[in-house]
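Have a look at the structure below before the remarks.
The values are calculated or read from the model by the stated rules, or taken from the named source; none is laboratory data. Keep in mind that this is a model prediction, so the values were computed, not measured. So basically every Cβ, Gly included, is an ideal-geometry build from the backbone, and we count neighbours across all protein chains shown. Remember, those area values only see protein heavy atoms, side chains included, never the ligands or the DNA or RNA. Shrake-Rupley method; radii C 1.70, N 1.55, O 1.52, S 1.80 Å.
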Amino acid sequence: MKHVGFTKFLDFTAQTGSAKAASALAAFYQSGNMQNSRTHYYENLREALITAERSGKYTDWEEFIRDQKEEAQEATRDALIKFYKWKSNYVSAAWFEPPKQIWALQEFDVNINPEIGLILDGEVHAIKLYINNKKLSDLKAQAAGLIMENMFHEQYPSIKFAILDVKAEKFHVFNGASERLDYLLIGEAAHLSAILSAAKQRAVA
């Protein structure tokens, strides 16, 4: 069973043509050491934000920035400024532990893992962080919201699911999707399964 990251699956859904096949093959051949120094800060920053929000304690962000690779410091500072600017829109923000679950499919599984759980002015939100210079498309944001809704709504009916595009300063709260998007996701999952199955067969041939 191949593990595909949540964001990588969303990338696949948004691609067309040969780029779609390339996205699937990248998921097939991916490994834990493929990140380069210019993108590794995404993971460092994501983990630091989760820790800071969960603990509710003061974080010396300037020290954190200095600890990053020099080429990532400016991007890290920019993302932190934008994250806290977004959070300042709310009078109150209290942590809760967001739900997580594995979405198991025919040839792969996806860890559906909204990282940030915040009760924002009384409304409970499970939030997937998107920290990337490339703007998140509306299709990917809707797809992410629908996947989280499908996975968690029955057990957590009061939670709102969202994806925060940090760099673009846009908070995509899922408020329902058309039946066509639901069918599209079923088709995309089957499509990715077919490509991964073919890649696996060729790899052992």
* Among the residues of region 133-144, which ones are of a type outside the set (A, V, I, L, M) and not in a helix (DSSP H, G or I)? -> Asn133, Lys134, Lys135, Ser137
* To do: Considering only residues that are under 23 Å from Ala24 (Cβ atoms) and of a type in the set (Val, Ile, Thr), look in region 160-190 and name the one that is surrounded by the fewest Cβ atoms within 10 Å (Cβ to Cβ).
  => Ile186
* Provide a single number: the residues in region 51-101 that are assigned to a loop (DSSP other than H, G, I, E, B) and acidic (Asp, Glu). => 2
* To do: Could you list all residues from region 25-48 that are at pLDDT 90 or above and under 18 Å from Ile112 (Cα atoms)?
  => Arg46, Glu47
* Residue check: is Ile147 in a helix (DSSP H, G or I), β-branched (Val, Ile, Thr) and loosely packed, with under 15 Cβ neighbours inside 10 Å? -> no
* Matching residues, region 107-124, being open to solvent by 10 Å² or more (accessible area, probe 1.4 Å), under 30 Å from His191 (Cα atoms) and either among the aliphatic types (A, V, I, L, M) or part of a strand (DSSP E or B) (or both) -> Asp109, Asn111
* Structure fact -> How many residues of region 56-114 are basic (Lys, Arg) and over 21 Å from the mean Cα position of the chain (by Cα)? The answer is 3
* **Answer from Glu188, Glu179, Glu97, Glu123 - the residue that is modelled with pLDDT under 95 and more than 24 Å from Ser23 (Cβ to Cβ)** => Glu179
* Residue pairs meeting the criteria (Cβ under 6 Å; at least 6 apart or on separate chains; first open to solvent by 60 Å² or more (accessible area, probe 1.4 Å), in region 93-104; second aliphatic (A, V, I, L, M)) -> Gln101/Ile112; Gln101/Met151
* Cβ pairs under 7 Å, 6+ apart, first in region 66-80 and at pLDDT 95 or above and small (Gly, Ala, Ser), second surrounded by fewer than 19 Cβ atoms within 10 Å (Cβ to Cβ) and not in a helix (DSSP H, G or I) -> Ala79/Lys167
